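The values are calculated or read from the model by the stated rules, or taken from the named source; none is laboratory data. Quick caveat, the model's predicted, so the values are computed rather than measured. All Cβ positions, even for glycine, are placed from backbone atoms using ideal geometry, and neighbour counts span all protein chains on display. For accessibility, only protein heavy atoms count, side chains too; no ligands or nucleic acids. Shrake-Rupley method; radii C 1.70, N 1.55, O 1.52, S 1.80 Å.
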Amino acid sequence: MLGGVLGYLLPKQKTPPAAPAPAQNENNYNQALMFFNQEQYRITEAAVERIFPADDNGPGAKELGAAFFIDHQLAGDWGFNARDYMQPPFYVGEKTQGYQGRLRRREIFYIGLREIQNYSQKKYQKDFPSLAPEEQDAVLTAFQNDDVKLTTISASGFFNLLRSSTLEGVYSDPLYGGNKNMQGWTMRQYPGNQMAYTNIIEKNFTVIPPKSLKDHL
Amino acid sequence: MAKKLPKTDVVIIGVGWAGGIIASELTKKGLSVVGLERGKERVTEDYYMAHDELRYALRYDLMQDLSKETITFRSTEKIRALPMRQYGSFLLGEGLGGAGVHWNGQTFRFLPYDFKIRSMTEERYGKDKIPPEMTIQDWGITYDQLEPYFDKFEKTTGISGEENPLAGKRSNPYPTPPMLHTPSMKMFADAAKNLKLNPYTVPSANLSESYTNPDGISRAACQYCGYCERFGCEYGAKADPVVTVIPVAKKTGKFEIRTHSYVRRILHKGGKATGVMYTDLTTGEEIEQPADIVVSTGYVFNNTRLMLLSKIGKPYDSSSGTGVIGKNYAYQVIKGNAAGFFEDKFNLFAGAGSLGMGLDDFNGDNFDHSDLKFIHGGNIAHTITGQRPIQNNPVPEESPRWGKEFKANSLKYANSVLSVGSQGSSMPFRHHYLDLDPTYKDAFGDPLIRITFDFEEQDRQLARYLSDRCAEIVQEMGGQNIMKLKELGPYEITTYQSTHNTGGVIMGENPGNSAVNNYLQMWDMENLFVVGASAFPHNSGYNPTGTVGALAYRTAEGILEYSKKGGLLV
């Protein structure tokens with residue numbers, strides 16, 4: 001039943017590596033900054049870890065590289081809203097009409113991270129990364145609930161952006177700099193990208209070691 | 001001064017399903033056809049790296065670039081329409097194959113009821129059943145008249161399916177057997193039967209087995225990889241114009257495709273189309289392509305916008321209810337769903353765009369509406385389309401949406417939440433329509449299309465009713481902690497719902513209530529055909545592509561006849 005096309009496309013079966021722990025001193029050249037300065041990076045790293053923390057299930061967003069992922073995304077098309085309609089005039093709209101601001105994602109992050117720092121200083125007289133985890137949660141909750149009054153951006157809008165980009169950093173293909181060693185996928189028993197599931201589609205739950213796009217090149 | 005090219009028999013605007021079907025049918029009969037596609041060329045090899053949720057599902061790699069052109073939206077005439085600056089409620093296709101590249105492949109036929117909706121509703125329930133503002137109408141064609149064309153589209157695409165006891169009569173069985181059944185699809189079927197309902201396997205363009213169609217095109221079977229909607233198929237298993245109709249047209253030597261060619265006006269003189277004016281996006285040059293026959297196949301928004309920009313037909317005026325272009329914009333009521341938590345885990349990472357079990361006991365007029373405050377209904381289905389991890393993190397309603405507890409719950413339930421959804425039909429209303437926005441422009445300075453639309457009491461009642469039915473099925477399947485729709489709320493443009501927008505250049509029995517006849521030929525301009533879901537006077541409780549495909553085949557037949565005889569075909 002499987003045609004010639006399939007035979008051609010299917011990579012040769014090989015035993016998938018059991019997610020080997022990289023050597024301690026192995027360099028990951030992807031882990032440097034394209035957009036954030038070091039302070040912005042540290043705030044982002046602390047915030048994503050509270051959104052998706054390390055626990056008994058496995059690593060949190062920090063170890064998975066979500067902050068590097070966000071940095072890299074903001075440096076490109078997405079950060080510039082390159083494929084969004086950004087023409088004036090800008091009016092305040094109804095909630096049903098969606099985002100109507102003139103600021104682009106990289107500007108929203110720039111302002112949002114600074115405001116997280118300001119709020120932490122005002123409330124706890126400390127930088128956000130130095131706060132206790134419960135205090136960090138309280139800061140993020142204040143943004144989520146718009147308890148922080150900002151004139152430039154929507155506090156909850158920024159929080160939602162931070163949350164969604166954290167999940168993207170945890171679960172996107174490792175090629176983007178997050179989901180380190182596919183550990184995000186492993187935690188939820190997601191097999192990443194396989195070429196075919198014909199052999200298990202009719203069966204009960206099956207754990208399949210994940211593959212990334214690199215396996216298909 | 002635009003560069004003027006030599007005349008062709010037919011020029012087609014947009015090369016997706018409708019454009020591809022018409023090109024293949026006309027070129028087979030010897031007509032010369034030019035296809036103008038504003039996006040880029042596409043081939044199956046483009047999708048070997050397609051299993052990338054971020055790139056395709058979150059960053060919309062295959063979709064129209066909104067920075068150049070979008071739509072504007074307002075819920076009522078009383079407020080200012082604002083641009084859809086980012087994707088949300090629906091996705092716009094672009095490039096060779098159009099949205100036919102990234103569809104799921106669920107291929108239904110609208111019900112016999114749909115085509116005679118006003119007369120059949122009045123006959124069964126009386127005239128008062130239809131609110132005065134609801135502008136439903138008979139389509140000017142019956143299911144039986146359209147049946148041979150449904151059959152043709154299903155054979156071209158190789159639809160995999162089985163008999164649906166509550167659908168219109170079929171002249172032939174589906175070309176290929178139904179898709180494989182997952183354990184949860186069996187649970188849905190058992191639950192539905194226990195509830196005395198009529199489940200069947202969702203008809204699928206994903207191909208249950210390798211198939212050669214009547215045009216001699218062979219395709220491989222679906223591998224259930226879990227990446228269909230928003231993605232291209234790296235196997236060519238999913239029916240897509242690029243792997244079905246376009247190669248047939250190309251082989252004749254009569255079909256010339258020009259990509260990066262953005263049609264901006266249909267040209268006309270003395271009540272007849274003379275060709276089109278387009279911009280070559282690679283050079284910026286304006287080019288005139290004269291043609292004997294013009295076919296616009298831009299689905300809904302582009303078809304309507306081109307008519308308005310080109311000043312063809314009478315624009316709809318909601319205050320008087322006169323005019324037709326832009327009339328009867330409708331959508332899909334998709335939020336009437338339910339989901340439940342299960343003890344077992346399932347292979348929810350696997351799947352296919354049209355893998356699922358459905359039922360039509362609550363669709364069309366298959367159930368008694370005498371005591372209900374709505375008409376029509378929707379298809380109910382449990383589909384297994386691949387639960388990709390960024391977009392699918394179901395947690396119990398009371399669970400937080402971030403932090404320790406969220407993480408634990410989202411991992412725990414990643415493979416054990418099953419949902420049953422509905423595709424509610426969408427009725428047109430006098431004050432829902434498309435026109436040109438007075439403020440916002442595209443990259444060329446032409447006005448954007450403006451949507452005026454909101455959910456009505458009809459939709460709220462229908463969504464809640466369908467959600468309750470879905471919840472009963474989930475419960476019968478053994479689901480716990482069932483989540484269902486509480487209230488539909490207003491229509492908003494930020495959450496993805498469905499790309500099944502319809503209307504704007506609608507079909508009907510006469511020029512008084514419609515823009516095109518049942519060959520999708522413009523009443524006001526006999527050598528212009530406008531093909532797409534733009535022709536639907538309302539939207540049914542199904543995916544639209546099967547019906548668009550059937551109408552495209554009928555249009556092709558009409559164009560061939562017109563090319564010989566001329567004149568209005570109806």
Number of positions in segment B:301-354 that are more than 30 Å from B:TYR465 (Cβ to Cβ) and among the charged types (D, E, K, R)
5
Suppose the filter is among the aliphatic types (A, V, I, L, M), more than 10 Å from chain B (Cβ to nearest Cβ), farther than 19 Å from B:LEU66 by Cβ and open to solvent by less than 60 Å² (accessible area, probe 1.4 Å); does A:ILE108 pass it?
no
Would you please name the residue that is nearest to the other protein chains (Cβ to nearest Cβ), looking only at residues in segment B:370-418 that are open to solvent by 20 Å² or more (accessible area, probe 1.4 Å) and in contact with a Lys or Arg (Cβ under 8 Å, 6 or more places away or on another chain)?
B:TRP402
Hey, any hits in segment B:213-229 for a residue that's surrounded by 24 or more Cβ atoms within 10 Å (Cβ to Cβ) and away from chain A (no Cβ under 14 Å)?
no
What's the number of the condition B:GLY421 fails, among (1) open to solvent by less than 10 Å² (accessible area, probe 1.4 Å); (2) within 20 Å of the chain's Cα centre (by Cα)?
(1)
Would you tally the residues in segment A:139-151 being free of Cβ contacts under 8 Å to residues at least 12 places away in the same chain and within 14 Å of chain B (Cβ to nearest Cβ)?
2
Just to be sure I understand the filter: pairs with C-beta atoms under 7 Å, separated by 6 or more residues or on different chains, first member in segment A:43-55 and without any contact (Cβ under 8 Å) to a residue 24 or more places away in the chain and more than 10 Å from chain B (Cβ to nearest Cβ), second member part of a helix (DSSP H, G or I) and not aliphatic (A, V, I, L, M). Which pairs pass?
A:GLU49/A:LYS62
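Test A:LYS122 against the criterion of being more than 11 Å from chain B (Cβ to nearest Cβ) and either modelled with pLDDT of 95 or more or within 30 Å of B:TYR440 (Cα to Cα) (or both), and give yes or no.
In short, yes.
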Selected residue [among the aliphatic types (A, V, I, L, M), within 10 Å of chain B (Cβ to nearest Cβ), out of contact with any His (no Cβ under 8 Å at 6 or more places or on another chain) and surrounded by fewer than 21 Cβ atoms within 10 Å (Cβ to Cβ)] from A:LEU161, A:LEU217
A:LEU217
Could you pull out the residue among B:LEU466, B:LEU462, B:LEU520 that is surrounded by 23 or more Cβ atoms within 10 Å (Cβ to Cβ), of a type in the set (A, V, I, L, M) and without any contact (Cβ under 8 Å) to a residue 40 or more places away in the chain?
B:LEU520
Which helices (runs of 4 or more DSSP H) does segment A:107-217 wholly contain that include 3 or more residues that are aliphatic (A, V, I, L, M)?
A:133-144, A:155-171
Does B:THR439 satisfy the condition of being open to solvent by 30 Å² or more (accessible area, probe 1.4 Å), of a type outside the set (Asp, Glu), under 19 Å from the mean Cα position of the chain (by Cα) and at negative phi?
no
Considering every residue within segment B:48-63, establish whether at least one is within 26 Å of B:TYR278 (Cα to Cα) and open to solvent by less than 30 Å² (accessible area, probe 1.4 Å).
yes
Residue that is surrounded by the fewest Cβ atoms within 10 Å (Cβ to Cβ), among those in segment A:195-214 that are facing chain B (nearest Cβ under 9 Å) and under 20 Å from B:ALA221 (Cα atoms)
A:LYS203
Of all residues in segment A:177-195, count the ones that are on the phi < 0 side of the Ramachandran plot and in contact (Cβ under 8 Å) with a residue 60 or more places away in the chain.
7
Go through segment B:362-401 and give me each residue that's closer than 15 Å to B:SER425 by Cβ and more than 25 Å from the chain's Cα centre (by Cα).
B:HIS369, B:LEU372, B:LYS373
Scanning segment B:105-122 for residues that are surrounded by 24 or more Cβ atoms within 10 Å (Cβ to Cβ) and of a type outside the set (Phe, Trp, Tyr) gives B:GLY105, B:GLN106, B:THR107, B:ARG109, B:LEU111, B:ASP114, B:ILE117
Please go through segment A:176-194 and give me each residue that is open to solvent by 20 Å² or more (accessible area, probe 1.4 Å), facing chain B (nearest Cβ under 8 Å) and not polar (S, T, N, Q), ordered by number.
A:TYR176, A:MET187
